[in-house]
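Data first, discussion second: the structure below is written as structure tokens.
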Amino acid sequence: MSPWLVTLEALEPFRKPFARPAGDPRPLPYLDTPANSERGAIDIGLEVWLQTAKMAQAGHHGDCISRSNFADAAYWTMAQLVAHHTVNGCSLQPGDLLGSGTLSGPSPEQAGSLLELTVGGKQALTLSNGEQRTFLQDGDSIILRGFCERDGARRIGFGECRGTVLPAPAAKP
């Protein structure tokens, strides 16, 4: 089983209250239950790492370019995402995957994408080896990591998700 498959029971010690950002409208009643407000958020640490081809060749594991938390960055709880998905009759089945979208925290260093970190490519991100990026280049790898940890609870890692930008295939004559 992949480390990304974690039961809700295992996440129970990491549940916390969920609240909408100040000034946002309240969700419709079917999305706004007392249980969701009391324990709908999940304290999941999130990291985004960037490893350039040059870093990989040098044995460098890359730089952590963003840290945020699912509880602070998610606009909807997991229960609300499932409700959104199924309220119109969609047949959600075991094994189906739901995406949360980009999870950016409230401060600039908690941006969930390179586009946000570089202000749309206007401000280069300088990496520890001196390389700069405004956009990903061939050979760059993005590594996403998620984990739950808290004093008195066992750390739960979700493993990593890694993708590397490959060069475009040569055009056929």
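The values are calculated or read from the model by the stated rules, or taken from the named source; none is laboratory data. Small disclaimer: the values here were computed from a predicted structure and weren't measured. Every residue, glycine as well, gets a Cβ built from its backbone with ideal geometry; the counts of neighbours run over all protein chains shown.
Does at least one position in the range 43-63 carry a residue that is basic (Lys, Arg) and in contact with a strand residue (DSSP E or B) (Cβ under 7 Å, 6 or more places away or on another chain)?
Kept after step one, since they are basic (Lys, Arg), are these residues of the range 43-63: 54.
From what's left, in contact with a strand residue (DSSP E or B) (Cβ under 7 Å, 6 or more places away or on another chain): none.
Looking for residues that are basic (Lys, Arg) and in contact with a strand residue (DSSP E or B) (Cβ under 7 Å, 6 or more places away or on another chain), one finds none in the range 43-63, hence no.
Can you spot a residue in the range 95-104 that is closer than 16 Å to Phe18 by Cβ and either modelled with pLDDT under 90 or in contact with a Lys or Arg (Cβ under 7 Å, 6 or more places away or on another chain) (or both)?
Step one: list which residues in the range 95-104 are closer than 16 Å to Phe18 by Cβ, which gives 100, 103.
Next cut, either modelled with pLDDT under 90 or in contact with a Lys or Arg (Cβ under 7 Å, 6 or more places away or on another chain) (or both) only: 100, 103.
So far as the range 95-104 goes, yes, one or more of its residues are closer than 16 Å to Phe18 by Cβ and either modelled with pLDDT under 90 or in contact with a Lys or Arg (Cβ under 7 Å, 6 or more places away or on another chain) (or both).
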Checking the structure you have, find out if any residue of the range 18-40 is within 27 Å of Ala153 (Cβ to Cβ), under 20 Å from the mean Cα position of the chain (by Cα) and in contact (Cβ under 8 Å) with a residue 60 or more places away in the chain.
no
Might you check whether a residue that is modelled with pLDDT of 90 or more, among the basic types (Lys, Arg) and within 19 Å of Leu8 (Cα to Cα) occurs anywhere in the range 55-78?
no
